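Accompanying notes for the structure given below.
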Amino acid sequence: MKSVLLIGLGRFGKHLALQLNLLGHQIMAVDHEEEKVNETLEFVTNAQIGDSTNPAFLKTLGVNNYDLCIVAIGNDFQSSLETTSLLKELGAKFVVARAGRDVQAKFLLRNGADEVVYPERDVAKWAAIRYTSDHVLDYIELDDANSIFEVSVPSDWVGKSVGELDIRKKYHVNILALRQNGETDVAITPETVLSAEQTLLVLGEYRALQRCFNH
């Protein structure tokens, strides 16, 4: 469990607060609008109404006591930048800031952000991959080139063994695990036979994964 200072309770911030709560973390939520603060009260530990660009207000929050500070302000980049910078000046251990464009990310990283997230871009990319692929159910991007996909077993693979398919040689894609009924099996051998009820966790370059599963 971590203590999180979450600043900015728009749509992204509100959903983030909910997910952090489901994961069991302690959340201090902050926004300058009372209505937005009130909407999150049921799933945050504490909440404050205030201006995060005000150094005196931020100082009262004891930002250096939190494991993580997240700046989720989305519609006012100047406020996001000022808040990020002030958090670092006040001793924040780790600051994650929201960006909408690469130029914003550069300024945030230069002014105190340890990491930057692009919620709209990331969701758009996930949706583009998910809904233009025949078998992809989910994916994790490891870097600019490599990803892990969760895929359904293509119909022409059902009943065949991993060794028989030999996708590592054909596509340079590695099967990491099989999932079925909520259970994950990492003991994959060339003799493992695939079924329609399973999904696969596969690792490889994004382009190789697309060639393998977009058919």
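Every number here is computed from the coordinates shown, using simple stated rules; none is lab data. Small disclaimer: the values here were computed from a predicted structure and weren't measured. Don't worry about glycine lacking a Cβ; one is built from the backbone with ideal geometry, like all the others, and counts go over all protein chains shown.
For helix 119-131, what angle does its Cα long axis make with the longest principal axis of the chain, in degrees from 0 to 90 and rounded to 10?
In the chain, helix 119-131 runs at an angle near 20 degrees to the longest axis.
From the cross-link list Lys59/Lys106; Lys2/Lys93; Lys2/Lys88, which pairs have alpha carbons spaced over 23 Å apart?
Details: Lys59/Lys106 25 Å; Lys2/Lys93 12 Å; Lys2/Lys88 18 Å.
In this structure, Lys59/Lys106 lie more than 23 Å apart at Cα.
What is the sum of charges around Gln26, taking Lys and Arg as +1, Asp and Glu as -1, for the other residues whose C-beta is under 10 Å from the C-beta of Gln26? Before the final figure, lay out the partial values.
Details: positive: Lys2; negative: Asp67.
Net charge in that neighbourhood comes out at 0.
Sort segment 122-213 into rounded, prolate or oblate with this rule: let a ≥ b ≥ c be the square roots of the eigenvalues of the Cα gyration tensor; rounded if a/c is under 1.5, and if a/c is not under 1.5, prolate when a/b is larger than b/c, oblate otherwise.
Working: a/c = 1.73, a/b = 1.48, b/c = 1.17.
In terms of gyration-tensor shape, prolate.
Find the relative contact order for the chain and round it to a whole percent, using C-alpha pairs within less than 8 Å whose residues are 6+ positions apart. Can you show the working numbers first?
Values: 413 pairs, mean separation 29.0, N = 215.
So the answer I get is 14 percent.
Specify which labelled value, from [x] 142; [y] 206; [z] 124, agrees with volume of the Cα convex hull per residue in Å³ derived from the coordinates of the model shown.
The value computed from this structure is option [x].
Loop by DSSP (not H, G, I, E, B), at most 16 other beta-carbon atoms within 10 Å: where is the longest site-free stretch of the chain for GluC sites (Glu not before Pro)? Write out the running numbers ahead of the final one.
On the way: sites that count: Glu33, Glu191, Glu197.
Answer - 34-190.
Label segment 15-104 by shape, choosing from rounded, prolate and oblate, from the square roots a ≥ b ≥ c of the eigenvalues of the Cα gyration tensor; if a/c is under 1.5 it is rounded, and otherwise prolate applies when a/b is larger than b/c, oblate when it is not.
Values: a/c = 1.37, a/b = 1.25, b/c = 1.10.
Rounded, because the longest to shortest axis ratio a/c is under 1.5.
At Thr192 and Glu120, where each label point lies 7 Å from the Cα along Cα→Cβ, what is the point-to-point distance in nanometres?
The modelled label-to-label distance comes out at 4.0 nm.
Label point 7 Å out from Thr60 along Cα-to-Cβ: which residues of segment 1-45 have amide N under 17 Å?
Residues 6-8, 28-35, 37-38 fall inside that zone.
Report the relative contact order of segment 122-213, percent, no decimals, based on alpha-carbon pairs under 8 angstrom and at least 6 residues apart. Intermediate results must be reported in sequence, preceding the final value.
Working: 162 pairs, mean separation 30.8, N = 92.
Taking the mean separation of contacting Cα pairs over the length of segment 122-213, I get 33 percent.
Could you pull out every one of the lysines with an alpha carbon less than 17 Å from that of Lys36, ignoring same-chain neighbours closer than 8 positions?
Result set, ordered by chain and number: Lys14.
Provide the net charge surrounding Glu120, with neighbours chosen by a C-beta distance below 11 Å and charges set as Lys +1, Arg +1, Asp -1, Glu -1.
Details: positive: Arg11, Arg98, Arg101, Arg121, Lys125; negative: Asp122.
Overall, the nearby charge balance is +4.
How high is the FRET efficiency between His15 and Asn46 when r is their beta carbon distance and R₀ equals 22 Å, given to the nearest 0.05? All intermediate terms of the calculation are to be shown ahead of the outcome.
On the way: r = 19 Å, r/R0 = 0.85.
Efficiency, rounded to the nearest 0.05: 0.70.
Can you give the Kirkwood hydrodynamic radius for segment 161-201, in Å, rounded to one decimal and based on Cα pairs? Walk me through the intermediate numbers first.
Numbers: mean 1/r = 0.0950 Å⁻¹.
Answer for segment 161-201: a Kirkwood hydrodynamic radius of 10.5 Å.
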